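Notes for the one structure printed next.
The values are calculated or read from the model by the stated rules, or taken from the named source; none is laboratory data. These figures come from a predicted structure and were not determined experimentally. Please note: Cβ atoms are built from the backbone with ideal geometry, for glycine as well, and neighbour counts cover all protein chains shown.
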Amino acid sequence: MEKIFKLKENGTTVRTEIVAGLTTFMTMAYIIALNPNILTGYGAGGQELWNGVFLATCIASAIAMFAMAFLANKPFCLAPGMGLNAFFAVVVSSIMGIINQDYVASFQAALIIILIEGIVFIVLSVLSVREKIVEAIPLGVRLGIAPAIGLMLMNIGFGSNIYIADENFNQFFVMKDFFGALTATAARDTMGSAYPTMVLSVVTLFVGLFVIVLLAKKGVKGAVLIGMLAASVIYWAGSFAFLKTNPFASLSTANWLPPFADMAGTTLFKFNFQGFLDIGVFTIITLVITFCMIDMFDTIGTLVGTASRAGMVDKQGNMPNMKEALLADAIGTVCGACTGTSTVTTFVESASGVEAGGRTGLTALTCGILFLACIFIAPIAAIIPAAATSAALIYVGVLMLQGLKSVNFGDMDQMVPVALMLIAMPISSSIGHAIGIGLISYTVIKVFSGKAKDVSVLTYVISALFLIKFFLIV
């Protein structure tokens, strides 16, 4: 292990790395079930893809993490990206109308777009083009990426990661429907029979959060993981005592055998080339560019932001082995297309593992092994309550705000792009779009303040491409 991952050089141990990998896994395991739900939720006939997409999610994610571990030796974990998977599902639904085929055939045609995206990224990574794009991002914008990601994590934890659907399938969110109701009476009136579940979720969240904070203050290793486990126990006990439900009931009816036959018949190397050609050249090019831009800057933002928090960057904000990390991301996307899922990208939840002490590829390797194990034990991962995950995300988000101390708020060239990113990232839930807004604002300020020469040619190009993306490409 020492020879492969250089643990002593990175100031870590095998135990710390394994705990970090487990911590990251627990914060992002939701994607294992959520991704197939999203990718098969549109159009008639999509449900027959569920098993194939489920296995593709586990396998492609694991391969990408193994590549990250052995090529880049970084603790970043990968899986099909949220946002990108929803966009992919919408694209599949649109392709159905274009080629006049069912959802499965349209899905198989759309996978070719992801394959092309991955191949393009492999070429760009090998030629160090993506690395040059990272270097072209102004230092001020780079400094703002980590705090902006922190706010997005907090927004996920408080806003969208905990919800309860009542018997009428209404969704309730912590900040909007619990705290937003101002009084317990108003909250109960709004939520009806779902109110007790919401209360339990809120209690679980804050118990987990404060356990993590208190353990971290005492320097306890694995504070995030212990806090999540403590929060889970609270939720399970509350389910038995107050909700009169069994949180483990799903285990008794769970299917523990991997559905490889379903995958072979629906998603594994199932490319619909004729349907792909029927989409039309202009639409294909537009979709490839859109996926490439969103994925590229989501990945760059996650790597730069998380690496900054972990102290893995130099004074110029550059991360060693960035090329290899980007290559691992591209390999994951190609594997995702071949097995049957949307774009695989670096997950922002990797920050939880980094905060738990992960500093090398052993963290990514551990998480990847756990993703493969979920082919057999997915039902166990499914019983971890969302509230426990939220506690970890909020804690890490708070810590990432510390990056703001490096921003020169007396310099408008830095302050304005960072401020816009801070609000754009949690609202849009897109790291890439927020970086685009930051770059555009930086370029505009420099040009109209007579400092156009301070902006690199590549920054001009990237800003122009984002303008095109925002206003001309759907």
Does the stretch 232-250 include one or more residues that are under 29 Å from the mean Cα position of the chain (by Cα), in the same structural domain as I394 (by TED's automatic domain parsing) and β-branched (V, I, T)? yes
Residue list for the stretch 402-434, restricted to those being acidic (D, E) and out of contact with any Gly (no Cβ under 7 Å at 6 or more places or on another chain): D411
Return the residues of the stretch 275-293 that are exposed (fewer than 14 other Cβ atoms within 10 Å of the Cβ) and in a helix (DSSP H, G or I); say none if nothing qualifies. L277, V281, F282, I285
Does K132 meet the test of being more than 21 Å from the chain's Cα centre (by Cα), in the same structural domain as Q47 (by TED's automatic domain parsing) and within 20 Å of P320 (Cβ to Cβ)? yes
Condition broken by D262, with the remaining ones in (1) within 24 Å of the chain's Cα centre (by Cα); (2) part of a helix (DSSP H, G or I); (3) within 30 Å of Y103 (Cβ to Cβ) satisfied: (1)
When L372 is evaluated against the numbered criteria (1) over 25 Å from W256 (Cα atoms); (2) modelled with pLDDT of 90 or more, which criterion, by number, is the only one it fails? (1)
Quick check on P258: is it assigned by TED's automatic domain parsing to the domain that holds S128, without any contact (Cβ under 8 Å) to a residue 12 or more places away in the chain and surrounded by fewer than 24 Cβ atoms within 10 Å (Cβ to Cβ)? no
Looking only at residues that are in contact (Cβ under 8 Å) with a residue 12 or more places away in the chain and basic (K, R) in the stretch 6-29, which one is farthest from P385 (Cα to Cα)? K6
Is the stretch 190-201 home to any residue that is among the hydrophobic types (A, V, I, L, M, F, W, C), modelled with pLDDT of 85 or more and surrounded by fewer than 20 Cβ atoms within 10 Å (Cβ to Cβ)? yes
For the stretch 382-431 the number of residues that are assigned to a helix (DSSP H, G or I) and acidic (D, E) is 1
So in the stretch 345-381, with the set limited to residues that are in contact with a helix residue (DSSP H, G or I) (Cβ under 6 Å, 6 or more places away or on another chain) and part of a loop (DSSP other than H, G, I, E, B), which one is surrounded by the fewest Cβ atoms within 10 Å (Cβ to Cβ)? G357
What helices (runs of 4 or more DSSP H) lie completely within the stretch 1-84 and have 2 or more residues being closer than 21 Å to E349 by Cα? 14-28, 30-39, 50-67
Taking the stretch 293-333 and the residues there that are among the small types (G, A, S) and closer than 20 Å to A67 by Cβ, the one that is farthest from the chain's Cα centre (by Cα) would be A310
Exception for T341 within (1) assigned to a helix (DSSP H, G or I); (2) in contact with a strand residue (DSSP E or B) (Cβ under 8 Å, 6 or more places away or on another chain) falls at (1)
Of all residues in the stretch 100-129, which are part of a helix (DSSP H, G or I) and either among the small types (G, A, S) or not assigned by TED's automatic domain parsing to the domain that holds M322 (or both)? A105, S106, A109, A110, G118, S125
Tell me yes or no: at least one residue of the stretch 315-332 is part of a helix (DSSP H, G or I), among the small types (G, A, S), touching a Phe, Trp or Tyr at 6+ places or on another chain (Cβ under 6 Å) and under 29 Å from T363 (Cα atoms). yes
G275 vs (1) modelled with pLDDT of 90 or more; (2) under 25 Å from M26 (Cα atoms); (3) not aromatic (F, W, Y): all pass except (2)
Given the options M421, M415, name the one that is over 30 Å from N51 (Cα atoms), of a type outside the set (F, W, Y) and buried (at least 24 other Cβ atoms within 10 Å of the Cβ). M421
Which residue pairs have Cβ atoms closer than 7 Å, lie 6 or more positions apart in sequence or on different chains, and pair a first residue in the stretch 88-99 that is assigned to a helix (DSSP H, G or I) with a second residue that is of a type in the set (V, I, T) and crowded, with 17+ Cβ neighbours inside 10 Å? A89/I38; I95/I279; I98/I279; I99/I279
Only listed residue being in contact with a helix residue (DSSP H, G or I) (Cβ under 9 Å, 6 or more places away or on another chain) and modelled with pLDDT under 80, chosen from F206, F179, F210: F179
